[in-house]
Every structure is written in structure tokens, then in C-alpha cells.
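K.L.:
The structure's right below; bear with me while I get my questions together.
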Amino acid sequence: MLRMHAIITTTGPDRTGIIAGVAQAAADHGLNIVDVSQTLMDRFFTMIMRVELPADSFDIAALQAALTEVGARLGVDIRVQTEALFTAMNEI
């Protein structure tokens, strides 16, 4: 079975609990985190997380709505895209 993946990006001012909050939201939606990269640049936090979706018919819009709520609580912007869309948008 072909596994579908998504990319979750998180950006905003650094604070305690960002990674935990996003990882918990991913777990709550049955996502498997397969890769993560995060950095801090002069108190500005950025993270890119590659996740495996639990099913081909996974509702990305519902996940985005949940992550938007998490981001509002944490004071960061969280966006999710299918890996195919993320790759297409970031190719030159």
C-alpha cells in the first residue's frame, strides 16, 4: 500500500511547548512523524515536520483546522499541505 505524506510547517516567536503541542496534535490525528527539522533564528522558531497520513482519504482540511487552533494557543502559524503539493510549490 502506498503511504501518503504531508508537510506541516510551524513558524513564529519561540516559546516553550511548540514542538510538544504540534507533536501532540499530530498524535491525536493518528499521524506518524517520520522526519522533523527545527531551528531557532534570533528568537524566531521554524519547524518542518514530515508526517505519514493514516489513510488515503485523510481529511487534510480538518487537520488544518485543528492545527490552526493549536497555533493560536501557541502564538505560531501552523500550515499543512500534502507532500506532493508542498514539493510542487517549492520546486524552481
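The values are calculated or read from the model by the stated rules, or taken from the named source; none is laboratory data. In this text the structure is predicted, and so the values were computed from the model without any measurement. Note that each Cβ is placed from the backbone with ideal geometry, even for glycine, and that neighbours are counted across all protein chains shown. In case anyone asks, the SASA skips ligands and DNA or RNA and just uses the protein heavy atoms, side chains included. Shrake-Rupley method; radii C 1.70, N 1.55, O 1.52, S 1.80 Å.
K.L.:
Taking only pairs six or more apart or across chains, which ones have beta-carbon atoms under 9 Å, a first residue in region 1-27 that is under 15 Å from residue 38 (Cβ atoms) and assigned to a helix (DSSP H, G or I), and a second residue that is of a type in the set (Gly, Ala, Ser) and at pLDDT 95 or above?
P.N.:
Once the first residue is under 15 Å from residue 38 (Cβ atoms) and assigned to a helix (DSSP H, G or I) and sits in region 1-27, its partners that are of a type in the set (Gly, Ala, Ser) and at pLDDT 95 or above give 18/12; 18/75; 21/71; 22/71.
K.L.:
While we're looking at this one, here's another question. Specify which of the listed residues (82, 68) is over 19 Å from residue 19 (Cα atoms), surrounded by 13 or more Cβ atoms within 10 Å (Cβ to Cβ) and within 11 Å of the chain's Cα centre (by Cα).
P.N.:
So the residue among 82, 68 that is over 19 Å from residue 19 (Cα atoms), surrounded by 13 or more Cβ atoms within 10 Å (Cβ to Cβ) and within 11 Å of the chain's Cα centre (by Cα) is 82.
K.L.:
Which residue is nearest to the chain's Cα centre (by Cα), if the candidates are limited to region 36-58 and must be among the aromatic types (Phe, Trp, Tyr) and within 15 Å of residue 71 (Cβ to Cβ)?
P.N.:
Top of the filtered list is 45.
K.L.:
Further question on the same structure: Among the residues that make up region 30-50, is at least one of them among the acidic types (Asp, Glu) and touching a residue at least 24 places away in the same chain (Cβ under 8 Å)?
P.N.:
No, the conditions are met nowhere in region 30-50.
K.L.:
Additional query: Please enumerate the residues belonging to region 42-51 that are modelled with pLDDT of 95 or more and of a type outside the set (S, T, N, Q).
P.N.:
44, 45, 47, 48, 49, 50, 51
K.L.:
Could you grab me the full set of residues in region 24-51 that are open to solvent by 30 Å² or more (accessible area, probe 1.4 Å) and either out of contact with any strand residue (DSSP E or B) (no Cβ under 7 Å at 6 or more places or on another chain) or among the aliphatic types (A, V, I, L, M) (or both)?
P.N.:
24, 27, 28, 29, 30, 33, 34, 36, 40, 41, 42, 48
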